[in-house]
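The structure under discussion appears below in the form of structure tokens.
The values are calculated or read from the model by the stated rules, or taken from the named source; none is laboratory data. Note that the structure is predicted; figures quoted are calculated from it, not measured. Counting neighbours? That spans all protein chains shown, and the Cβs are built from the backbone with ideal geometry, glycine included.
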Amino acid sequence: MNARLDARPDAEHLLQHVWGYPAFRGMQRDVVDHVAAGGDALVLMPTGGGKSLCYQIPALLRAGIGVVVSPLIALMQDQVAALEELGVRAAFLNSTLDAATVQDVQQRARRGELDLLYMAPERLLSESGLRLLGQCRIALFAIDEAHCVSQWGHDFRPEYGQLAVLRERWPEVPRIALTATADVPTRQEIAERLLRDGRAFVSSFDRPNIRYRVVEKRDGRAQLLNFIRTEHAGDCGVVYCLSRNTVEEVAAMLAGHGIRALPYHAGLPAAQRASHLRRFLDEDGVVMVATIAFGMGIDKPDVRFVAHLDMPRSIEGYFQETGRAGRDGLPAQAWMAYGLSDVVQQRRLIELSEADDAYKRLSSSKLDAMLALAEAADCRRVRLLGYFDEASGPCGNCDNCLNPPELVDATESAQKLLSCIYRCRQTSGTSFAATHIIDVLRGKRSEKVERHNHHALSTFGIGADLSEQDWRQLLRQLAAQHLVEVDPAHFNVLHLTESSREVLRGARRIHLKRQEPAAAGKRRASSTPRPVAQALAADDLALFEALRAWRSGVAREHGVPAYVVLP
Ligand code: ADP
Ligand code: MG
Ligand code: ZN
């Protein structure tokens, strides 16, 4: 781009003549002007929003090299190749290069023969990295995927925290931090750590072409297979799973059914990971089955669906992962199978983590927000955008908008369920898991029911009006709202919580979702109050009040866990 000094091209000119795009999108123009004039900026745009141009064009407009910090070694090469194709002088420095290439890149940088230099953060922060930059003229620093600076975030990279050094060493060089995921506290953290009086550019996070869907998980893998076969045969997609094992099993299962599925997780050999990534990017219709190790920054426009077999642990994670679908603007789907196991598993992960209490509290409030999104009976997009502080109206393109669930007041059923948990525990002196409690409610005389003499309980058979599936849905909702505790350390047994009382007292209403259209003749028994349950609830309420009195005296001194049922 030697011509640029003489011709003084402006931003528009570069956009049209180097990139070949007719116009800037959204906030791009404002960001470019601000950074080109030497200002710091925080840029929040959804994945696919066009963040790269926000630093690439100012780098060309300003004298010197634009230094781009990116945690994504795998993608630097792609980005640099794309830039070179446009005639932009770009290079990268990361651990994949041999010594001779590194030398060559360094030399070009020193001589000012580069417009853009991509660096992995650890490379930049190394002694030689900082020395090199000290010898170069720098146009700007761009910090891509800037949310990695956040200790609370799911992509935390310790090196990112050290990037504050850029501000100290090069106070006169503008910095631009970019990310697709940042709730309000993360935005503050990025600004505090990386910028100085930076201006924030926040564009809409709406991805209107993505249809959000959450289905009740029964047999997740079979549901996934069915989803792909019936709605996305031959399409490119990504399937996210929590564990490496699941990734491999699901990839094998899909492949066994003729789908071009490949596994991807951090435990695979680097060469295999790279080859799967290449195939995903180059071939048509590849379905990548992956852990969250896959995808940050993936720029493949025609991903038609992103499926979650396990729920992500935060809305940021969900938003970023689903955001990889439909970057070309064409219709795409975000599909998630969600069940009680997700609630239990994610809570368990927080509990077992070695993080401090503040972190656990934060993780658990993020998880609660994610659970509320998964349980929502109203527009998912409104909730999703609301989480990022963006107001919107019902979208008409999510499952709940397209097929509004019929809500049935199930408070009384919830009272039966809680009472039954309580009764079983009271008679047997031990707690029971969901299957057993549901058997008792539905009046099923299983071997276990008989062994514990639970068919003699007053709660035996009082819930025959609901299917097992309904009971599970109810239980899942209660667990998601901390109204029941599932103890994964002890065979997933159920405990009442301090807040269970609110339900028993009727102070908190619970609703069941019915996805079938209201007209279908198969509607189950109505939820007209049944005296037996009312009596039970009142009865248990008294016990709860006694428990509370006891608890307030004893619990504080002895640190009794919230789910202890009776003295
Ligand atoms: P992000 O980093 O925000 O996820 P990218 O910078 O990778 O997004 O851009 C996403 C896609 O949009 C790329 O294919 C890019 O070339 C394209 N793009 C960006 N800005 C424009 C524009 N002004 N006009 C047309 N296409 C654009
Ligand atoms: Mg990007
Ligand atoms: Zn909607």
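What to note about this one:
- Applying a threshold of 6 Å to beta carbon distances and a minimum spacing of six or more residues, or different chains, the list of pairs starting in region 163-185 at a residue that is more than 13 Å from Gly39 (Cα to Cα) and away from ligand 2 (no atom under 16 Å from the Cβ) and ending at one that is among the hydrophobic types (A, V, I, L, M, F, W, C) and at pLDDT 95 or above reads Leu166/Phe141.
- So Ala63, is it within 22 Å of Ala91 (Cβ to Cβ), away from ligand 2 (no atom under 14 Å from the Cβ) and part of a loop (DSSP other than H, G, I, E, B): yes
- The residue that is nearest to ligand 1 (Cβ to nearest atom), counting only those in region 31-60 that are in a helix (DSSP H, G or I), more than 29 Å from the chain's Cα centre (by Cα) and under 19 Å from Arg187 (Cβ atoms), is Val35.
- A single member of Asp357, Asp378 is surrounded by fewer than 15 Cβ atoms within 10 Å (Cβ to Cβ) and within 16 Å of ligand 3 (Cβ to nearest atom), and it is Asp378.
- Ala266 passes every criterion in (1) closer than 30 Å to Glu354 by Cα; (2) surrounded by fewer than 15 Cβ atoms within 10 Å (Cβ to Cβ); (3) modelled with pLDDT of 95 or more apart from (3).
- Scanning region 87-108 for residues that are among the hydrophobic types (A, V, I, L, M, F, W, C), within 20 Å of Ala59 (Cα to Cα) and surrounded by fewer than 14 Cβ atoms within 10 Å (Cβ to Cβ) gives no hits.
- Residue in region 254-300 that is nearest to Thr230 (Cα to Cα), counting only those that are touching a residue at least 60 places away in the same chain (Cβ under 8 Å) and either assigned to a loop (DSSP other than H, G, I, E, B) or touching a Ser or Thr at 6+ places or on another chain (Cβ under 9 Å) (or both): Lys300
- Among the residues of region 191-228, those identified as of a type outside the set (A, V, I, L, M), over 28 Å from Asp144 (Cα atoms) and either in contact with a Gly (Cβ under 9 Å, 6 or more places away or on another chain) or surrounded by 14 or more Cβ atoms within 10 Å (Cβ to Cβ) (or both) are Arg213, Glu216, Lys217, Arg218, Gly220, Arg221, Gln223, Phe227.
- Region 19-48, residues that are touching a Gly at 6+ places or on another chain (Cβ under 7 Å) and at pLDDT 95 or above: Gln28, Asp40, Ala41, Leu42
- Residues (within 20 Å of the chain's Cα centre (by Cα) and of a type in the set (A, V, I, L, M, F, W, C)) located in region 209-235: Ile210, Val214, Val215, Leu224
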